[in-house]
1. Where residues in region 307-323 are hydrophobic (A, V, I, L, M, F, W, C) and either open to solvent by less than 10 Å² (accessible area, probe 1.4 Å) or not in a loop (DSSP other than H, G, I, E, B) (or both), which of them is nearest to residue 107 (Cα to Cα)?
2. Would you check if residue 15 is loosely packed, with under 14 Cβ neighbours inside 10 Å, in a helix (DSSP H, G or I) and at pLDDT 80 or above?
3. Are there any pairs with C-beta distances below 8 angstrom linking a residue in region 259-278 that is touching a residue at least 24 places away in the same chain (Cβ under 8 Å) and under 17 Å from residue 317 (Cβ atoms) to a residue that is open to solvent by 50 Å² or more (accessible area, probe 1.4 Å) and among the aliphatic types (A, V, I, L, M), with the two at least 6 apart or on different chains, and if so which?
4. Does region 83-93 contain at least one residue that is buried (at least 16 other Cβ atoms within 10 Å of the Cβ) and β-branched (Val, Ile, Thr)?
5. Can you list residue pairs whose Cβ atoms sit under 9 Å apart, with the first residue in region 158-171 being under 16 Å from residue 186 (Cα atoms) and open to solvent by less than 40 Å² (accessible area, probe 1.4 Å) and the second being part of a strand (DSSP E or B) and hydroxyl-bearing (Ser, Thr, Tyr)? Count only pairs 6 or more apart in sequence or on different chains.
6. Within region 47-71, track down each residue that is open to solvent by 70 Å² or more (accessible area, probe 1.4 Å), in a helix (DSSP H, G or I) and modelled with pLDDT of 85 or more.
7. Given the conditions (1) more than 14 Å from residue 220 (Cα to Cα); (2) at pLDDT 90 or above, and given that residue 340 satisfies all but one, which numbered condition is not satisfied?
8. Answer yes or no as to whether residue 32 is surrounded by 14 or more Cβ atoms within 10 Å (Cβ to Cβ) and not hydrophobic (A, V, I, L, M, F, W, C).
Amino acid sequence: TIPYSPQGNPTERVNSYIMGMLRTLIHSPLRTVHDLQAFVRMVPFVYNRMFIPGTKVSPFMLRTGRQPLTPMDVQTFGHIPHVPREKLEFAQDLVDRIRRYHEMVKVAKDKSALHQKYHYDKTRANVEFEVGQKVLVREHRKLAKHHFKWNGPYEIVQKFNPVAYLVRDCANPNKTPRRVIIRDLYAIRHPSAELDKEIERTPLLNPPTSFQPGRFIIYRVRQNGHKWRQRLYVAEIYAQLDPVTNILPLHYYSHLEADGSVNLQKPLEDRKLLPEWSDDRGNFTESLRKKSESAEPNITEVYPHEIDILAVNFPLHGLRLPKEAILEAKKTMIKRDTQLARRRAKQAQ
C-alpha cells in the first residue's frame, strides 16, 4: 500500500466498513459500548452474507459455494435434508459453482473499477514528475493551525512509477529520502516559466448512439494490460438508455465450455449463446427460459461511454451471432486497436 493511502488496501476497506457498522450499533437506542463484544461476532457474519455490489454473490459463497444459514432460516424452513450424492460429483459441482461465482465477481469488479476511474479522471489531470524536478510535499502529521501543510523545496531523486516517487529535502541533503504519493506533491514553477500546455484527454471510444431494446450488442471493457482487447461480451439490450443517469441495462448472453466455464476470448462465430439467469440464492444458469420462478435475468448496468462498443442493434440468428455483426465487430476492433497503438506511439515520442 502506498503511504497514507489506506483506501487502496482491501483489508483496510473491509475494516473501515465493519467499524462503521459497529459505531452505528453501539450508538443505537438502549445500546452502550459494553455491547461491543457481542456485536463483534455478529457484524462479520452479516458482512459475509451481504451480496457484493453488481452480483448476487456474497463473500461466504466465494469460499463455500452457498449462503450461511441463520437461526431464523432454520426456524422458518427447518434443516435442509441431506441428499445422498457421490462425493466426486458433489466436489465437482462445488468447484464449478465457486468458479462461476469468482467469474461473476471479477466482471462486477472490473465494471466498478472502470466506473470509478471515469468519474475520478473527470476532475484530474495526467501529471507526472521527472527526476531532478523541484516539488512541495504535503505533511500529514498534525500541525498547528498557523503552519503550512506544504513543505519544501524537495527534489525528485527516483521515480518508482507514475504515482510514487522518492524525494530528498533540499535544505537537508543528508536526511534520508522519503517515499511520497503523487497527490501529496506539488510542482514548483518559476514565475517566468511558460504556461503548461493543455493536457490531451483520451477521447471517448464511442460517439452517442441509439440503443434498441430486444436487440443485441458486442462490446469489450477497457482495462490495464492487453488481454482486455480479446475479451468480447455479448448482451441483449434490456431497456432504453436512461436519459438522466445515462445507464444502459444489459442482459448477459454467454457460451459455456464443456467444463462449465465462460470463455470470453472464444471466436464470435464459434459461440452458442444462451441467456444468463440468477435466483435469490445466487445460483447462475444458462438456458433459453428461466428454470424457476425466482430466477431473474442476469442484468448488468453500464455507461455507454465507458465501454468499447464493436457492434450494436442486431438480432440473433437462433443461438448464433449473425455474420454481419461479427464482421462489423472485427472491423471496428481492428480500427480501434490501430488508433490506440498510434496514439501510444505518439505519446512515447
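1. Start the filter on region 307-323 by keeping residues that are hydrophobic (A, V, I, L, M, F, W, C), which leaves 307, 309-312, 314, 316, 319, 321.
Filter again for either open to solvent by less than 10 Å² (accessible area, probe 1.4 Å) or not in a loop (DSSP other than H, G, I, E, B) (or both), leaving 307, 309-312, 314.
Numbers: 307: 13, 309: 17, 310: 18, 311: 20, 312: 20, 314: 24 Å.
Among those residues, the one meeting the criterion is 307.
2. Details: loosely packed, with under 14 Cβ neighbours inside 10 Å: yes; in a helix (DSSP H, G or I): yes; at pLDDT 80 or above: yes.
Here the answer is yes, as residue 15 does meet what is asked.
3. 274/256; 274/288; 275/288
4. Initial filter on region 83-93 (buried (at least 16 other Cβ atoms within 10 Å of the Cβ)): none.
There is no residue in region 83-93 that is buried (at least 16 other Cβ atoms within 10 Å of the Cβ) and β-branched (Val, Ile, Thr).
5. What qualifies is 167/154; 169/154.
6. Scanning region 47-71 gives 49, 63.
7. Answer for residue 340: the failing condition is (2).
8. Details: surrounded by 14 or more Cβ atoms within 10 Å (Cβ to Cβ): no; not hydrophobic (A, V, I, L, M, F, W, C): yes.
The answer is no for residue 32.
The values are calculated or read from the model by the stated rules, or taken from the named source; none is laboratory data. Predicted, not measured: the structure shown is a model, and the values here were computed from it. When we count neighbours, we look across all protein chains shown, and the Cβ atoms used for this are built from the backbone with ideal geometry, even at glycine. For accessibility, only protein heavy atoms count, side chains too; no ligands or nucleic acids. Shrake-Rupley method; radii C 1.70, N 1.55, O 1.52, S 1.80 Å.
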